[in-house]
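> Sharing a structure, written as structure tokens. Questions coming.
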Amino acid sequence: MAFFARASPSQAIRRLKDQSQFLNRLLCSCGWQNRSIATAVDDAKASVHSSVESGGKKRINLCSAINDALYIALDSDPRSYVFGEDVGFGGVFRCTTGLADTFGKHRVFNTPLCEQGIVGFGIGLAAMGNRAVAEIQFADYIFPAFDQIVNEAAKFRYRSGNLFNCGGLTIRTPYGAVGHGALYHSQSPEAYFCHVPGLKVVIPRSPTQAKGLLLAAIRDPNPVIFFEPKWLYRLSVEDVPEGDYTLPLSQAEVIREGGDITLVGWGAQLAIMEEACVEASKEGISCELIDLRTLLPWDKEIVEASVNKTGRLLVSHEAPITGGFGAEIAASITERCFLRLESPVARVCGLDTPFPLVFEPFYMPTKNKILDAIKASVNF
Amino acid sequence: MPYHIGARRAVMKSLLQSVRSNVREASTRNKCSWAGLGWPASQNAMERRYSMTSTSFLSARRYLGSQVDHPKRQQQTEAHEKDFLHFPGAKTTFTFSLEYIKEISEDPVPCYRLLNDHGDPIDGAELPEIEQSLGVKMYETMAILQTMDNLYYEAQRQGRISFYVTSIGEEAINVASAAALSSDDLIFPQYREQGVLLWRGFTLKDFASQCFANDEDSGKGRQMPVHYGSKKLNYITVSSTVGTQLPHAVGAAYSLKMAKEEACTVAYFGDGGTSEGDFHAAMNFASVLEVPVLFICRNNGWAISTPASDQYRSDGVVVKGQAYGIRSFRVDGNDTLAMYSCVQAARKMAIEESRPILIEALTYRIGHHTTSDDSSKYRSITEMERWKSLRDPVIRFRKWLEGNAWWDEVAERRLRATARNEVITTMVRAEILKKPPLSDLFKDVYDSVPVHLQEQEAYVRSTVTRHPKDHPSDVPL
């Protein structure tokens, strides 16, 4: 059962040719277009068959792609470490499965249940020149570590005049709605961290992206928070290049070209936005969809260029609308493209309520909310 | 319900089921030996990595099997169980009387000291072996520290620098601990440990450059005075936040352990800092991960205006170590020899046994918290004077040196005059130097200056050009 439109092979090839000569971009685009979303029942099968190889690529889910990236990070640098709550046995989402067995319990290990300790420990480890990959079990639980992230990790280099840095630190954490996570297993807290100079904030949309961006985050000489869309851990399956590769940080990507309106999103929300784009195209509206990929520092130029082409912008995220990162994008693009805009920048986001269990379908920035906003913008 | 929501629920349900079964497996695995429960030998690493959903390799049945396989062990276990109760969280004996652990021991933990208040060795005390040159250097460093603190305090009062923190009363903790460490040991300071830096060779010019935030400040003029740091001297840059450096020291110590280096990390903090979550996080992590770190608490009795009695109800800080499984010392922080001896022993244990050590150094903050504080508002002048005149660590150590005929009034006058002169000279020079250039505002936020900061730099420069009078003239553009 696929609820993402699959492009026909010829369409896909044409799109690939059109899009970019850069390999990275090509790979991402290919992955997105060919991606079929398995059902929950298919999920186990996908995972079991994840080692099936197909010409330098392997069909794996996002969880396995993360595992793959961590394996490569640990394998390629003996001074890299992976740790966090329950990480030793593979993590509650199984992203670190097998790593402790392969690399030993000194490099892949459990920590006490204490987020400020995990991040603080990671900062110290990174300050010694190691690559410290810390896992916070759910993004909802990152807040005890907020001081360590904001006042320590982000300012470590600046406050020392570059005598010291903790650039080897990467904090991985699963975020976002899953259907029944309610208040404390659903949040998208990316905006808090986008307000902090010194941090990088990265969110992948697919297995190929997750692997390449996570390896880039781990090797980036700055502290990075890497939010993983947990909805897609098993659901998103695609052919992921084997071996070691990275995707550039702070570079957004046009994943669907169009001329009437620009849509900007990141992570799991892009899947919903893609659906809306497909629906809109049936009504003759051509949408350009951009995956921001890195939220801090973000790629204004690519969004600006797109809005200068389309004249309209819609931003969508699961986090509450007020103070969300969509507001930052809206303000920046209004500054840069004011005379080109043909309608107000639209934001289709989460509501300004805590994340509500039974009301989640009302809370969410759904396909039809986005579709309505696209039409309103085009008909403004 | 929109389609994707239903799909998400289904997926999450299966995910959570998988998580639950995995957690069950893990708890099962924890109860039994690792041996024989690993991956099948024939399975290669690649297969292992992608066999995430396979659950056959670990099961409750297997756990039971390992018990049955070892009848001898089973018998031993039964015998033990007459005396011990095995819980996953503790192995303990039982009692049928309802007992509790007292909140505080009737006998407080004694404080290790070698010199009495008059600088005389306590009868029967075994003094550390300290050569004359080392003893004199320690004293000189303490005296220079005291001189520097007094002059910078005055400079702040005159409005020449914005802020200052003295370590008056805590010179022995600073210098004796530094002397007992190796220069390879990495320091994670709070902000009242400038004596450690002085001992390691941070020059009076270095101190002045930082406090006056001039273009010779290695911190590039970004932080308030006293936020020193030195890569060369293994002294991590000071942050104003309290206690945040403690988990860092643990992470860095883990790195030293992995690299098998003969060094430890040393985290300094005050009694107030022990109430912070980071203190508890760091202690627990250090204990569990078995890392060579010294936690040195300068318990001076005051966290700004908050007395220790409003800070904790335990027998000081030293008893908190045992709760985390950490070996702990309580030492008289105003006794230079005791402090030296204690840190030397603690360092040896930490490195040789790869374990954390907690040291509670009892002392008194003779100075104000900072120059922004007037402590006479919340504590009596008599109390402050009593500590200054009777328990001053510098005078105490000087008396011991004089008792050894290693120091005299002539040397004292010469040292104080030289120190005073040098501090003033470096201060005057530092004051007139230029500030760091404007470009330093934008550097080091990241390893390189990203596009948005380049744009902001251009914006600031154009603003300065239009409104030069709004901006300080001593910052080079």
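> Distance in nm between label sites at residue B:380 and residue A:376, each 7 Å beyond Cα in the beta-carbon direction?
7.1 nm
> Then there is this: Modelled label-to-label distance, residue B:232 and residue B:323, 7 Å Cα→beta-carbon offset: nm?
Placing both labels 7 Å along Cα→Cβ, they lie 4.3 nm apart.
> Let me ask something else about it. How much mean residue ellipticity at 222 nm does chain A get from its helices, if each DSSP H run of length 4 or more adds -39500 (n - 2.57) and you divide by all residues, to the nearest 500 deg cm²/dmol?
-11000 deg cm²/dmol
> Moving on to the next point. Percent relative contact order of the range A:253-378, based on C-alpha pairs within less than 8 angstrom and at least six residues apart? Could you put the intermediate results ahead of the total?
Details: 224 pairs, mean separation 36.3, N = 126.
Relative contact order of the range A:253-378: 29 percent.
> Nearest 0.05, what FRET efficiency do residue A:244 and residue B:458 give at R0 = 35 Å with Cβ-Cβ as r? Before the final figure, lay out the partial values.
Numbers: r = 37 Å, r/R0 = 1.07.
Efficiency, from the Cβ-Cβ distance: 0.40.
> Moving on to the next point. Using R₀ = 60 Å, calculate the FRET efficiency as 1/(1 + (r/R₀)^6) where r is the Cβ-Cβ separation of residue B:105 and residue A:335; round to 0.05. Don't skip to the answer; put the middle values down first.
On the way: r = 65 Å, r/R0 = 1.09.
Between residue B:105 and residue A:335 the formula returns 0.40.
> Please state, rounded to one decimal and in Å, the Kirkwood hydrodynamic radius that the range B:96-184 gives when every pair of distinct Cα atoms enters the mean of 1/r. Mind showing how you got there, number by number?
Values: mean 1/r = 0.0586 Å⁻¹.
Value: 17.1 Å, from the Cα pair sum.
> For the pair residue B:414/residue A:358, report the inter-label distance in nm, with labels modelled 7 Å from Cα in the Cβ direction.
Distance between the two pseudo-spin positions: 8.8 nm.
> Taking R0 as 45 Å, what FRET efficiency do you get between residue B:310 and residue B:431 from their Cβ-Cβ distance, rounded to the nearest 0.05? Write down the numbers at each step before the final one.
On the way: r = 39 Å, r/R0 = 0.87.
Once the sixth-power term is evaluated, E becomes 0.70.
> To make sure I understand, if each residue's beta carbon is the centre and we count other beta carbons within 10 Å, what order do A:94, B:379, B:466 fall in, fewest to most? Walk me through the numbers before you get to the answer.
Working: A:94 22, B:379 14, B:466 8.
Going from least to most buried by this count: B:466, B:379, A:94.
> Quick check: the angle from helix A:300-310's long axis to the longest principal axis of chain A, C-alpha only, nearest 10 degrees?
20 degrees
> Return one number: the angle in degrees, 0 to 90 and rounded to the nearest 10, between the long axis of the Cα atoms of helix A:367-378 and the longest principal axis of the Cα atoms of chain A.
50 degrees
Read the figures in this text as sums done on the coordinates, not as results from a lab. If you're wondering where the values come from, they're calculated on a predicted model, not measured in any experiment. Note that we place each Cβ from the backbone using ideal geometry, even for glycine, and neighbour counts take in every protein chain shown.
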